[in-house]
1. Work out, step by step, the length gained on full extension between THR54 and ILE5: first 0.36 nm times the residue separation, then minus their alpha carbon distance; give nm to one decimal.
2. Roughly speaking, what is the stretch gain from LYS147 to SER44, that is 0.36 nm per residue apart minus the C-alpha to C-alpha distance, in nm to one decimal?
3. Using θ = phi - 60° and the Karplus form 6.51 cos²θ - 1.76 cosθ + 1.60, what ³J(HN,Hα) does each residue of the stretch 88-95 get, whole Hz, x for Gly and Pro?
4. Which entries in LYS65/LYS137; LYS65/LYS125; LYS74/LYS120; LYS64/LYS137; LYS125/LYS147; LYS114/LYS147 show an alpha-carbon gap greater than 22 Å?
5. Can you give the extra length, in nm with one decimal, that the chain gains between THR76 and ILE61 once fully stretched, where that is 0.36 nm per residue apart less the Cα-Cα distance?
6. Label-point separation (nm) for GLU110 and LYS137, each offset 7 Å from Cα along Cα-to-Cβ?
Amino acid sequence: MKKIILGLSALCVLALTSCKEENAAKKIEEANVTAAAVRDASASNFPVIEFEETTHDFGEIEAKKSVQTVFKYKNTGNAPLVITNIGTSCGCTVPEDWSREPLAVGETGEFTVKYNGSGKGKISKSLTLTANTEKGKEIVKIAAFVKTDDNASPQATTTQTVPGISAAAASRAVKSSTQPGHEGHNHD
């Protein structure tokens, strides 16, 4: 009796596995293979952003004088370009007037960058574009030499003592950046 049940079980397993193989074979149709090939081919098509210039140098500018430039670019890739964000390395640099709409292949676009003239000496600021390019991020820069403001009042060189606060504590009370181009900015 056990041999008969074992034999019937083996026959059922064989019948069920042969049905599954037929269903699996039916699922792989030529249309599915073609659709997968098209999908895989389009996944490797990215937009490419090509700038007229990646660094703009304003040259020598007056302190606190606002300047601006326009970065122009072209989509030289194989898919529409979408810029979702433009971030800056400092609040003194502001991107404006950029489109979040898809830019077709071969089309051109632009955005404005304003710099408020803060800091002194040689400055360099970066702008990071988040886009659907292969890298995902593109960088452009502005540079300038900010001349000192001759009308600015000279800073006091004497220190004033405050009762109950040590000189060391008073000197730590004001934080400022030591990064080039960030002079005059207080960063906490």
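1. Numbers: separation 49, 0.36 × 49 = 17.64 nm, distance 7.83 nm.
The THR54-ILE5 span can extend by a further 9.8 nm.
2. On the way: separation 103, 0.36 × 103 = 37.08 nm, distance 4.78 nm.
Contour length minus Cα-Cα distance gives 32.3 nm.
3. 10, 7, 7, x, 7, 10, 10, x
4. Values: LYS65/LYS137 30 Å; LYS65/LYS125 16 Å; LYS74/LYS120 34 Å; LYS64/LYS137 30 Å; LYS125/LYS147 16 Å; LYS114/LYS147 18 Å.
Beyond 22 Å between Cα atoms: LYS65/LYS137; LYS74/LYS120; LYS64/LYS137.
5. Contour length minus the Cα-Cα distance gives 2.0 nm.
6. About 2.8 nm, to one decimal.
Values in this text are rule-based calculations from the coordinates and carry no lab data. The structure displayed is predicted, hence computed values, not measured ones. Note that we place each Cβ from the backbone using ideal geometry, even for glycine, and neighbour counts take in every protein chain shown.
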